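Trainee: The structure under discussion is supplied below as structure tokens; questions concerning it will follow.
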Amino acid sequence: MWLDQVLQGVLLGGYYALIACGLSFMFGILRIVNLAHGSIAVLSAYLVWVVAEQLKISPFLALIAVLPVMAAAGWLLQRTVLERSLRSGALTPLLSTFGLAVVIDNVLFQRFGADTRSLAPDIGDLAFNSWDVPGGGSVGQLALITFGVAVALLVGLQLFLNRTPLGRAIRATSEDPDTAELVGIDSRNVYAAASAIALVTVAIAGTFLAMRATFDPYTGPTQLIFAFEAVVIGGTGSLWGTLIGGIVLGVAQNLGSQINGQGFLIAGHAVFFVVLAARFLMAGRSPRTLLRALRGASA
Amino acid sequence: MTDAKALAVTRWTRVSITAVAALGGLLLVLAFGPAFLGADLTDRLTTLFIYVILAAMWNALAGYGGLVSIGQQAFFGLGAYAAIRLSNAGVEVYLALVLAPLIVGLLSLPLSSFALRLRGGEFAIGMWVFAELAHLLVNLDTLIQGETGTSLIAISGFAPDARRAFNYWLALAVMTVVVAAVFFLLRSRTGAAIQAIRDNEEAAASVGVRVMATKRLIFVLAAVGCAAAGALQLATLITFQPKTYFSVQWTAYMIFMTLVGGLGTFEGPILGAIIFFAVETLFGSSGVWYLIGLGGSALLFSLFLPRGIWGALSSRFGIQLMPVGYRLASPSRARKPGSAG
């Protein structure tokens with residue numbers, strides 16, 4: 001019973017890692033905490049839902065059509081909002097992306113109303129089929145696929161950053177945009193490309209959100225909070241930490257739900273604060289140095 | 001080269017003396033409000049006072065402390081909740097409304113040593129997580145009955161007219177106290193520290209500013225202020241449904257008011273609260289478009305006018321109504337605006 005809950009929690013953690021991926025990537029590269037992250041995921045979920053319903057195609061195919069749209073949106077987001085925000089100080093991106101989140105949520109409400117939607121009916125058996133686990137219990141096929149996609153995406157991003165010319169350009173620009181310019185890198189374009197990549201991962205996460213559960217126009221903020229908790233629990237700026245953070249969050253939530261009806265959310269938030277407190281205590285009296293080390297000395 | 005002897009640092013100008021006198025006069029007139037305003041206008045002004053409190057508190061945090069919090073609804077909700085609890089325990093209802101924010105202030109002390117270690121975006125969403133957790137824990141209280149909520153029953157013991165006038169006076173008093181607190185804080189030695197932290201935290205620390213203590217002061221002040229606003233909201237609504245008090249919408253309103261009025265200016269949030277009040281009165285019934293407008297304005301102001309309407313006006317014309325900064329004045333030249341604001 002408890003073991004099964006832990007297993008389900010680990011799989012749920014895969015989804016959290018998936019939704020946290022874009023947030024973590026954007027924070028690591030652009031040093032921006034994008035408060036519209038959850039709302040953009042829900043926006044992608046609606047786009048996939050509309051395409052799948054209109055063309056009567058599988059959500060997976062619809063996602064392929066939506067990916068370039070979200071990549072373009074990411075490019076635009078960087079060029080129109082984030083770039084300008086960053087110029088006027090470290091706090092401005094928080095304000096502008098929060099404003100953007102309010103706009104996205106309410107435009108979605110205006111367009112789609114308060115009804116909850118789901119892509120689960122569009123994926124047939126996949127929504128509820130499961131495999132038996134030796135020793136009792138079972139794992140949902142969709143949950144396992146989600147976990148696999150999260151791992152693949154994290155590995156893919158890591159390889160991309162380490163091995164490809166664009167990945168190297170992104171890392172160089174993130175370290176020091178002025179020096180990167182000196183060696184012929186167009187930092188504006190590189191940042192815009194990084195933002196486009198982040199939104200591609202957000203679109204994937206939004207689609208899995210829509211397949212595994214229901215969503216409505218105001219689902220975004222909750223997804224932002226879960227993603228953020230996964231990133232912070234795992235250690236800011238590390239893609240692998242994000243997977244571990246997601247798993248810790250998922251396991252805590254599932255165990256919490258066994259104790260009390262609201263225990264799912266309470267345990268999730270509680271584990272977030274416990275991990276933070278532990279980190280502060282371990283760092284002794286200079287938590288700032290630790291945070292700075294975690295972020296790679298962003299100053 | 002300017003002759004140093006010809007220059008003098010002043011705090012008061014003719015404009016600011018006039019403005020402070022006018023403000024004092026206005027407050028005096030407002031104190032007699034319930035006698036001549038009529039029921040509807042009295043209620044509306046009570047709401048405006050609550051908005052001014054919220055805007056001033058969020059501005060103190062973000063504009064002066066450099067702390068962008070998306071979780072101030074935590075204190076708003078806890079203020080109302082504490083008032084319910086105190087009243088339920090037999091405390092006289094208006095005393096409960098006054099004590100509740102102070103209790104929340106005490107609670108914010110231990111929280112501050114934790115939260116203030118978070119930086120930037122981590123602080124912003126960390127506070128949001130705290131608000132969510134506070135909401136869930138309040139829901140567990142059997143007195144509240146989850147999302148069903150409860151009422152501040154004891155306040156119904158007052159006749160509607162008396163209740164309206166008491167709420168109005170309490171809101172006016174709290175608004176005056178918190179705005180005055182920000183004013184005296186900015187004029188004090190701490191004010192210089194606060195502005196140094198806002199401009200550059202590392203540099204401020206290096207010249208001996210006690211960054212943590214100063215930030216904690218602002219954090220606790222903002223907690224008390226937002227809790228008082230929550231308690232006042234409860235006094236006017238009477239009902240307590242956790243969802244409506246712990247909604248992130250409240251922080252969205254605070255951000256809108258502060259950004260539009262002028263982040264990091266003393267007068268800006270007051271102007272922003274008046275603008276928000278007017279916008280809500282005119283468009284509040286148009287539902288979702290109104291919210292899109294609020295979010296869109298916050299987005300555009302943060303991008304194109306980060307110091308808001310007041311910030312733009314005061315740097316364009318060098319006006320500062322409230323004497324919170326220092327001005328360099330020379331008898332022979334025009335007065336220059338102070339750098340602090």
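Each value in this text was obtained by applying a stated rule to the coordinates, not by laboratory testing. Note that the coordinates shown come from a computational prediction; the quantities given were computed from them, not determined experimentally. All Cβ positions, even for glycine, are placed from backbone atoms using ideal geometry, and neighbour counts span all protein chains on display.
Trainee: For the protein assembly as shown, build the charge dipole from Cβ charges (+1 Lys, Arg; -1 Asp, Glu) around the Cα centre, then report which of B:120, B:294, A:104 sits farthest towards its positive end.
Mentor: Most positive-ward Cα: B:120.
Trainee: With a length cut of 20 Å (Cα positions projected on each helix's long axis) and a Kyte-Doolittle mean of at least 1.6, go through chain A and give me the DSSP H helices that pass.
Mentor: Passing helices, by number: A:59-77, A:141-163, A:263-282.
Trainee: Using alpha carbon centroids, what distance separates region A:169-248 and region A:76-121, in Å?
Mentor: Value for the Cα centre distance between the two parts: 15 Å.
Trainee: Does region A:1-77 come out rounded, prolate or oblate, given a ≥ b ≥ c as the square roots of the eigenvalues of its C-alpha gyration tensor, rounded meaning a/c under 1.5 and, failing that, prolate meaning a/b above b/c?
Mentor: Details: a/c = 2.92, a/b = 1.19, b/c = 2.45.
Taking the square roots of the gyration eigenvalues as a ≥ b ≥ c, region A:1-77 is oblate.
Trainee: Still on this structure, I have one more. Hey, can you list the DSSP H helices of chain B whose Cα span along the axis is 27 Å or longer and whose average Kyte-Doolittle score is at least 0.0?
Mentor: B:39-59, B:93-115, B:120-140, B:160-187, B:211-237
Trainee: If I model a spin label at residue A:260 and residue A:116 as a point 7 Å from the Cα along the Cα→Cβ vector, what separation in nanometres do I get?
Mentor: 2.2
Trainee: Can you compute the label reach from residue B:153? Point 7 Å from Cα along the Cβ direction, backbone N cut-off under 12 Å, restricted to region B:60-99.
Mentor: Zone members listed by number: B:88-90.
Trainee: For a quick size check, give me the Cα extents of the protein assembly as shown along its three principal axes, largest first, whole Å.
Mentor: Over the protein assembly as shown, Cα extents along the principal axes are 80, 70, 51 Å.
Trainee: Let me know the whole percent of all Cα-Cα pairs from region B:34-286 that are separated by more than 30 Å.
Mentor: Summing the P(r) tail past 30 Å for region B:34-286 gives 24 percent.
Trainee: While we're here: Go ahead and run the numbers for FRET between residue B:92 and residue A:80, Cβ-Cβ distance against an R0 of 60 Å, rounding to 0.05.
Mentor: 0.65
Trainee: Give me the percent relative contact order of chain A, please, defined on Cα pairs under 8 angstrom at least 6 residues apart.
Mentor: RCO, chain A: 36 percent.
Trainee: I've got another one for you. Hey, what did region A:89-212 get for relative contact order, percent, Cα under 8 Å, at least 6 apart?
Mentor: 24
Trainee: Report the relative contact order of chain B, percent, no decimals, based on alpha-carbon pairs under 8 angstrom and at least 6 residues apart.
Mentor: For chain B, the relative contact order is 30 percent.
Trainee: Oh, and also: Mean projection of the alpha-carbon convex hull of region A:85-219 over all orientations, in nm²?
Mentor: 11.9
Trainee: Let me have the 222 nm mean residue ellipticity of chain A computed from DSSP H runs of 4+ only, each contributing -39500 (n - 2.57), with the sum over all residues rounded to the nearest 500.
Mentor: Mean residue ellipticity, 222 nm, calculated: -25000 deg cm²/dmol.
Trainee: I need the shape label for region B:227-274. Rule: rounded when a/c is under 1.5, else prolate if a/b > b/c, else oblate, with a, b, c from the alpha carbon gyration tensor.
Mentor: It comes out prolate by the Cα gyration axes.
Trainee: From the helices alone, meaning DSSP H stretches of at least four residues, give me the mean residue ellipticity at 222 nm for chain B, per-run term -39500 (n - 2.57), in deg cm²/dmol to the nearest 500.
Mentor: Value at 222 nm, helices only: -23000 deg cm²/dmol.
Trainee: Here's a follow-up. Please report, in debye to the nearest 20, how large the charge dipole of region B:34-286 is about its Cα centre when each Lys and Arg carries +1 at its beta carbon and each Asp and Glu carries -1 there.
Mentor: Computed charge dipole of region B:34-286: roughly 500 debye.
Trainee: Ratio of alpha-carbon Rg to the 2.2 N^0.38 Å globular estimate for chain A, to two decimals, please.
Mentor: 1.00
Trainee: When a/c reaches 1.5 or more, the comparison of a/b and b/c decides; with that in mind, is region B:165-317 rounded, prolate or oblate per its Cα gyration tensor?
Mentor: oblate
Trainee: Let me ask something additional. Please report, to one decimal in angstroms, the Kirkwood hydrodynamic radius of region B:155-234 built from all distinct Cα-Cα pairs.
Mentor: Value: 14.6 Å, from the Cα pair sum.
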